[in-house]
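Nothing in this text is a laboratory measurement; each read-out follows from the coordinates by a stated rule. In this text, all values refer to a predicted model and were calculated from it rather than measured experimentally. Glycine gets a Cβ as well: all are built from the backbone with ideal geometry, and neighbour counts include every protein chain shown.
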Amino acid sequence: MKIAKTLKFLTAASALVISSLSFASSVNIGDNDVAIHGYDPVAYFTNSKAVEGSAKFTAIHDGAIYRFASKKNRDLFSSDPSHYAPQFGGYCAMGVALDKKLDIDPNAFYIYKDKLYLNLNKDVQKKWVTDIPGYLKTANRTWSGIEDLSVAETNAED
């Protein structure tokens, strides 16, 4: 009897772990549901650089926790989150153009037409800026097909 209960518990626990590993999120979140590695999305616009946010100033948008360097930045974000939140849920914009959800380096960013785009790294960003309109056209079309897929599903070998 105890073995059967233990097996049921382990099966349920395993299913929970497996489902959490393949959890599909339209927002790129890390530990504790924090978006963009804890960097302040407003600072990209106001400081033109990546600035780490503080757990002291936070706001929730699309199920993710955003951190801010100041109360002022948090309030700006809260007044218009769709303006300040990174495009494609904070996943690598070039990755989305390639039909993949890839993590980002918060320092590899580009603001184009008043929207924030993040990239996997500076090398990918160099490629991204060679044809932003073209890559955006592809990424906007692709995003609707991968937005609700897990990272693992978009990065599985074909």
Q: Multiply the residue gap between Thr46 and Asn32 by 0.36 nm, knock off their C-alpha separation, and tell me the result in nm, one decimal place.
A: 2.4 nm
(Q) On a full-extension model of 0.36 nm per residue, what is the gain between Asp131 and Asn107, subtracting their alpha-carbon distance, rounded to one decimal in nm? (A) 6.7 nm
**Q.** Under-5 Å amide H pairs with Val34, H placed in peptide plane, nonlocal only
**A.** Ile65
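Too long at a 27 Å Cα-Cα cut-off: which of Lys56/Lys127; Lys71/Lys126; Lys71/Lys101; Lys56/Lys100; Lys56/Lys113; Lys49/Lys101?
Distance filter (> 27 Å) returns Lys56/Lys127; Lys71/Lys126; Lys71/Lys101; Lys56/Lys100; Lys56/Lys113.
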Q) Ranked highest first by average number of other Cβ atoms within 10 Å, how do 87-95, 30-38 line up? A) 87-95, 30-38
**Q.** Estimated inter-spin distance, Asp148 and Asp114, nm [label 7 Å along Cα→Cβ]
**A.** 3.1
